[in-house]
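The values are calculated or read from the model by the stated rules, or taken from the named source; none is laboratory data. All figures in this text were calculated on a predicted structure; none of them were measured in a lab. Ideal geometry is used to build each Cβ from the backbone, glycine not excepted, and the neighbour counts take in all protein chains shown. Note: areas computed on protein heavy atoms with side chains; ligands, DNA, RNA excluded. Shrake-Rupley method; radii C 1.70, N 1.55, O 1.52, S 1.80 Å.
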Amino acid sequence: MSDIEKEHPPTEPTPTHEPSVSSHEKGVRPGGLKGWYQHPVVQVCMLGFVAFMGPGLFNALNGLGGGGRVDQKTSANGNAALYATFSVTAFFAGSINNVLGPRLTLLLGSAGYSLYIGSYLATNLHDNAGWFIIFAGAILGVCAGLLWTAQGSLMLAYPTEQDKGKYIAIFWGIF
């Protein structure tokens with residue numbers, strides 16, 4: 001026997017069966033509240049409520065023209081800034097979503113809606129806040145591109161292929 005064989009005796013042959021795999025690795029959802037929270041339907045419902053509370057409120061305020069407090073020119077300029085930056089950002093938002101991940105992208109995307117809604121409410125305190133509405137519209141355009149890209153990636157990632165129509169209907173029913 002060589003010195004190497006003396007130091008490292010032969011080992012038992014490796015078993016041919018697969019090593020044990022935990023239930024998490026098999027794709028089995030845990031029970032209890034954590035299992036309920038991780039269910040794809042619950043996640044899609046929460047995503048629907050994110051869209052309901054951000055873009056939904058934006059739609060309500062924008063349809064009212066800032067609650068009737070904003071003149072048409074300021075509202076139109078804010079929307080022009082919003083959709084100009086939205087179209088540019090949406091082109092790159094897929095790559096941003098791949099780098100940051102959908103959770104952070106969704107968080108950043110929803111933050112712009114709060115700023116824009118706040119800019120409409122700022123006109124109640126300051127009559128000369130039109131510039132803030134236009135600025136917030138430009139920021140919202142960037143954020144909206146991120147939000148809707150993250151929403152689209154999550155809506156396609158959560159359900160199985162045969163359940164995608166049902167999950168999309170749940171989302172749009174809430175939104």
For the stretch 75-101, enumerate the residues that are over 16 Å from the mean Cα position of the chain (by Cα) and either open to solvent by less than 20 Å² (accessible area, probe 1.4 Å) or under 16 Å from Asn62 (Cβ atoms) (or both). Ser75, Ala76, Asn77, Gly78, Asn79, Ala80, Ala81, Leu82, Tyr83, Ala84, Thr85
Would you point out which residue out of Leu104, Leu108 is within 14 Å of Pro55 (Cα to Cα) and open to solvent by 70 Å² or more (accessible area, probe 1.4 Å)? Leu108
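For every residue, the table says whether it meets (1) within 21 Å of Met53 (Cα to Cα); (2) over 16 Å from the mean Cα position of the chain (by Cα).
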| residue | (1), (2) |
| --- | --- |
| Asp127 | no, yes |
| Gly130 | no, yes |
| Ile133 | yes, yes |
| Gly141 | yes, no |
| Ala150 | yes, no |
| Leu154 | yes, no |
| Trp172 | yes, no |
Scan the stretch 31-62 residue by residue and report those that are over 24 Å from Ser153 (Cβ atoms), loosely packed, with under 15 Cβ neighbours inside 10 Å, modelled with pLDDT under 80 and under 24 Å from the mean Cα position of the chain (by Cα). Leu33
Inside the stretch 127-141, the number of residues satisfying the requirement of being touching a helix residue (DSSP H, G or I) at 6+ places or on another chain (Cβ under 8 Å), open to solvent by 20 Å² or more (accessible area, probe 1.4 Å) and not in a helix (DSSP H, G or I) is 0
